[in-house]
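Novice: Mind looking over this structure? Questions follow.
The values are calculated or read from the model by the stated rules, or taken from the named source; none is laboratory data. Quantities reported herein were computed from a predicted structural model and do not represent experimental measurements. No Cβ is skipped: glycine too gets one built from the backbone with ideal geometry, and neighbour counts run over all protein chains shown.
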Amino acid sequence: MTKTDTPTTHFGFQDVPEAEKAGMVHGVFSRVANRYDIMNDVMSAGVHRLWKDAMMDWLAPRPGQRLLDVAGGTGDIAFRFLKRAPGATATVLDLTEPMLTEGQKRAEAENMADRLTWVVGDAMALPFADNAFDVYTISFGIRNVTRIADALAEAYRVLKPGGRLMVLEFSQVPNPALQWAYDRYSFNVIPLMGQIVARDRDSYQYLVESIRRFPDQASFATMIRAAGFSLVKYRNLTMGVAALHSGWKI
């Protein structure tokens, strides 16, 4: 294979070889792991918590379910799920071990230790059997995956028949004036916050660029259907700054 034939993908606004993206993403989250939760609060003014609660409201966790939270990082989604579902269990998978380590330090992790499993792994090659989970969630992680279609195929594989996929991700604001204002905030303020709070401007520059490269709501819904999911729907949050996508394995 010649150099020009090497498959490429995007890393923010850069085009990079597919084989290199996972390592670059790993570097980003390794560098910001110990300030990741603080930065989420700062850059969203705490709104990410409302989005995650809205995710749980739509998901409606049930007692005894088995959750796989991919790109689960510090455990925010898993903790919320387990609080709403007595007797349920959760596996938190993330490519970046320092993120999982930070999650295990949290008080919720200690209180729920017997219901939680932490696994280092790749969303495109999950280390789990077919038909193993009732629910698959991924929150602000799928845009970082090298091949999104492969991750969705893996989600379908590991879900039981009747299982549910739910994705929370930054999305596209449909109003041009609001998008203009959001762009000004994203590109001028968020990297500066990253520099001050996380001491890492470049990682948060990548964050805002990666959002702009992610498919819009309808296009992403089409990708979920292509992976085999049925009853695919989405809901905008905060006028499309983020969106929830839901699908079922039927």
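Novice: Between residues in segment 65-90 that are more than 17 Å from Trp51 (Cβ to Cβ) and residues that are modelled with pLDDT of 95 or more and polar (S, T, N, Q), which pairs lie under 6 Å by C-beta distance while being six or more apart or on different chains?
Specialist: That search, which allows pairs on different chains as well, returns Arg66/Thr89; Leu68/Thr91; Ala85/Gln65; Ala88/Gln65.
Novice: Right, here's the next one. Can you find, within segment 81-138, the residue that is surrounded by the fewest Cβ atoms within 10 Å (Cβ to Cβ) among those that are among the aliphatic types (A, V, I, L, M) and in a helix (DSSP H, G or I)?
Specialist: Across segment 81-138, the extreme among qualifying residues is Ala107.
Novice: Something else: For the list (1) surrounded by fewer than 20 Cβ atoms within 10 Å (Cβ to Cβ); (2) outside any helix (DSSP H, G or I), I need the number of the one condition that Arg225 fails.
Specialist: (2)
Novice: List the number of the failed condition for Glu169; all other conditions in (1) at pLDDT below 95; (2) within 21 Å of Phe11 (Cβ to Cβ); (3) not in a helix (DSSP H, G or I) hold.
Specialist: Answer for Glu169: the failing condition is (1).
Novice: Taking segment 117-141 as the region of interest, how many residues are within 24 Å of Ser246 (Cβ to Cβ) and touching a helix residue (DSSP H, G or I) at 6+ places or on another chain (Cβ under 6 Å)?
Specialist: The qualifying residues number 10.
Results for (1) part of a helix (DSSP H, G or I); (2) surrounded by fewer than 20 Cβ atoms within 10 Å (Cβ to Cβ); (3) modelled with pLDDT under 90, shown as yes or no for each residue.
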site: Met24; (1), (2), (3): yes, yes, no
site: Leu67; (1), (2), (3): no, no, no
site: Gly73; (1), (2), (3): no, no, no
site: Ile77; (1), (2), (3): yes, no, no
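Novice: Among the candidates Ala45, Ala33, Ala54, which residue alone is within 27 Å of Arg80 (Cα to Cα), without any contact (Cβ under 8 Å) to a residue 24 or more places away in the chain and of a type in the set (A, V, I, L, M, F, W, C)?
Specialist: Of Ala45, Ala33, Ala54, the one residue that is within 27 Å of Arg80 (Cα to Cα), without any contact (Cβ under 8 Å) to a residue 24 or more places away in the chain and of a type in the set (A, V, I, L, M, F, W, C) is Ala45.
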